[in-house]
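Undergrad: Pasting in a structure now, in structure tokens, and then I'll have a few things to ask.
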Amino acid sequence: DKHRCYSYRKLEPALHRLQSLASRADSVKAEKRNLVEKELLRTFANVVTYLNLTRTLQYARPSAVLAVAVPETRKILGLPADGKEPTTFWQLMESAPVLARVLEDVGKRSEAARSATENEVIRLSRSMYLQSQMGQPSAFSVLPDPNKPDAWLSPSEVIADPARLQTLHGEVGFLAALSDAYRRGDAAGFAREADYFRAAIEKRAGARLEKTRFPLEILYDRADPLFLAVTAYWIALFLCFTFFLTRRRGWYSIAGLFALAAWIIHVGGIVARILIMRRPPVTSLYETFPFVAAVSIAAALFLERRTRQGMALLAAALLGVILLSIAGRYAADGDTLQMLVAVLNSNFWLSTHVVCITTGYAACVLSGVIGHIYLVRAAFNAPSSALKEIDRMVFGTLCFGLLFSFIGTVLGGIWADQSWGRFWGWDPKENGALLIVLWCAILLHARMFGKIRDLGMAAGAVLGAVIVSLAWLGVNLLNVGLHSYGFTSGAAFKLFGYIGGEILFLLIIGVTIALRRRKFTTATT
């Protein structure tokens, strides 16, 4: 499949083969597994999770194993006399006192003296016991554990424990009725049972429920603010190009309004994520893209407010389109509102180190985009006054990037010392952060001492964006170190394609500017 997405039905014929291969991959040490072995284990784990989810309400579904064939048994248990539909585990659980009385009487007689009803009750009891023990914990954990204040249970976990079931009997019953209404196509009954279940959970769970976040998360999913933002950035980009072609200030004003509106929606989406997850959204590879985009675009809009030439506005629109489009590619891989792993669940880590580092990324990326604009305009013989204005932007954003990259790197070392017992371990991500700091420092010092000028500064900023991409994304390709979050081979191809494209861009621009200057020198001579 070109999208690499497969349904369970497509995988079902190969499940035995998948299980065998996953078992073989599991026997390999984690650090020695290749990409195929990791994908086998991940896919098999997803299949297991899916199957457990599909069986979550199995106790409420009719089961042939629990069929009651003897009319007298059906009468004793209070079941319909026709017996057209097999009974459910939950129906028999509701008749547990009757089953217990029959079993108590059976124990007083020999096996030969038992009636057909008594033999059927024995069979049903054994089947029910086996089914209750076979239930696997499910990701559908919606029942509050009466013994642990912060734990939630799936229905199968409750049913397997008589004490828990006695406490949560009503809630499990509402889920069973909800499942039955769904199976019968009774929409009104489904909604009614869902309301009953919700009210019961709210009453029992109390403060455990974070109800205020649920409507916000639903609104976030439905509105998809980051998609709306990237659409508005595309419009702003188109309007910017229209302005540069026509030089009419009306197009410039409209482009600015669209870019500002896009940024407001963009930041609104990030704020919503913060409120939903109650943490800064910069703890996964996906989350860094919207955050870096928001910071860099804010800086670009600030620069545009001061210069009003359209260059920084163009950079803002370009950054919005590129970074949010990349974020959308990672969002397609699954849920982006996930719980943190334990090592990242630290306020210090979230609020200082990662925020500072990603802010440094944003500044360096913005500097690289502005550097591109400078080089393109220089190649097309732009006025020196316009180039000087762009050069000042490159210089300022590089200073900004150096400051936050340095602070973030130092704070990361302090956090690493507290969490892992060492300030610096030459981890690839640490090396990448150090490389960004050194590169920015080299460029700024070279400019201060006259070793490079505006053209060299712009080219260095472009290469700085390449270094950021390696520190930000490239270290994940190595699959080593404490900061390796995982990557795909397709991403490696795209990353190296980007680096090759940047090198080619610099070569073409360099040759173009050199030829133009040579032509100018020849003409003046």
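Undergrad: Binned at 5 Å from 0, what are the whole-percent values of the Cα-Cα distance distribution for segment 89-206, short to long?
TA: Values per bin, smallest distances first: 2, 10, 17, 18, 17, 13, 10, 6, 4, 2, 0.
Undergrad: Going toward the positive end of the dipole of the chain, with +1 on Lys and Arg Cβ and -1 on Asp and Glu Cβ, which of V354, T73, C364 do you reach last?
TA: C364
Undergrad: On to the next question. With a 1.4 Å probe and every protein chain left in place, tell me how much accessible area S125 has, in Å² to the nearest 10.
TA: For S125, the solvent-accessible surface is approximately 30 Å².
Undergrad: Related question: Could you work out how far helix 354-379 tilts from the main Cα principal axis of the chain, as a 0 to 90 degree angle to the nearest 10?
TA: Helix 354-379 sits at roughly 40 degrees to that axis.
Undergrad: Out of the total accessible area of the chain (probe 1.4 Å, heavy atoms of protein only), what percent is carbon and sulfur?
TA: 63
Undergrad: Where does segment 32-80 land on the Kirkwood hydrodynamic radius, alpha-carbon pairs, in angstrom? Don't skip to the end; give the middle numbers.
TA: Numbers: mean 1/r = 0.0693 Å⁻¹.
After inverting the pairwise mean of 1/r, the radius is 14.4 Å.
Undergrad: Accessible area per residue, 1.4 Å probe, Å², for the chain: what's the number?
TA: On a per-residue basis, the chain sits at 55 Å².
Undergrad: I need to check one value: relative contact order of the chain, counting alpha carbon pairs closer than 8 Å and at least 6 residues apart, in percent.
TA: 8
Undergrad: Given charges of +1 on the Cβ of Lys and Arg and -1 on the Cβ of Asp and Glu, with all other atoms neutral, how large is the dipole of the chain about its Cα centre, in debye to the nearest 20?
TA: With only Lys, Arg, Asp and Glu charged at Cβ, the dipole is about 1940 debye.
Undergrad: A further question follows. Which one of L506, T117, G269 is farthest out on the positive end of the charge dipole of the chain, using unit charges on Cβ (Lys, Arg +1; Asp, Glu -1) and the Cα centre as origin?
TA: Value: L506.
Undergrad: Shape call for the chain from the C-alpha gyration tensor, a ≥ b ≥ c root eigenvalues: rounded (a/c under 1.5), prolate (a/b greater than b/c) or oblate?
TA: Since a/c reaches 1.5 and a/b is larger than b/c, the shape of the chain is classed as prolate.
Undergrad: In degrees between 0 and 90, to the nearest 10, how far off the longest principal axis of the chain does helix 169-184 point, with axes built from Cα atoms?
TA: 80
Undergrad: If you don't mind, there's one more thing I want to ask. For helix 213-223, report the angle its Cα long axis makes with the longest principal axis of the Cα atoms of the chain; keep it between 0 and 90° and round to the nearest 10°.
TA: The helix 213-223 is inclined about 60 degrees to the chain.
Undergrad: Before rounding to the nearest 500, sum -39500 (n - 2.57) across all DSSP H runs of length at least 4 in the chain and divide by the residue total; then give [θ] at 222 nm in deg cm²/dmol. It would help to have the intermediate numbers written out before the result.
TA: Working: 21 runs with 370 residues, N = 525.
Only helices count here, giving -24000 deg cm²/dmol.
Undergrad: May I ask for the distance between the Cα centers of segment 421-473 and segment 76-104, given as a whole number of Å?
TA: 73
Undergrad: Another question about this same structure. Let me cross-check K388: its accessible surface, 1.4 Å probe, with only protein heavy atoms counted, in Å² to the nearest 10?
TA: 120
Undergrad: Follow-up. Count charges around F243 for me, please; just the other residues with Cβ under 13 Å from its Cβ, Lys/Arg as +1, Asp/Glu as -1.
TA: Charge balance near F243 sits at +3.
Undergrad: Give me the accessible area of D82, 1.4 Å probe, in Å² rounded to the nearest 10.
TA: Here the residue's solvent-accessible area equals roughly 100 Å².
The values are calculated or read from the model by the stated rules, or taken from the named source; none is laboratory data. Since the structure is predicted, the reported quantities are computational estimates derived from the model, not experimental observations. Neighbour counts run over all protein chains shown; Cβ positions are idealised from the backbone, glycine included. We work out accessible area using only protein heavy atoms, side chains counted, and drop any ligands, DNA or RNA first. Shrake-Rupley method; radii C 1.70, N 1.55, O 1.52, S 1.80 Å.
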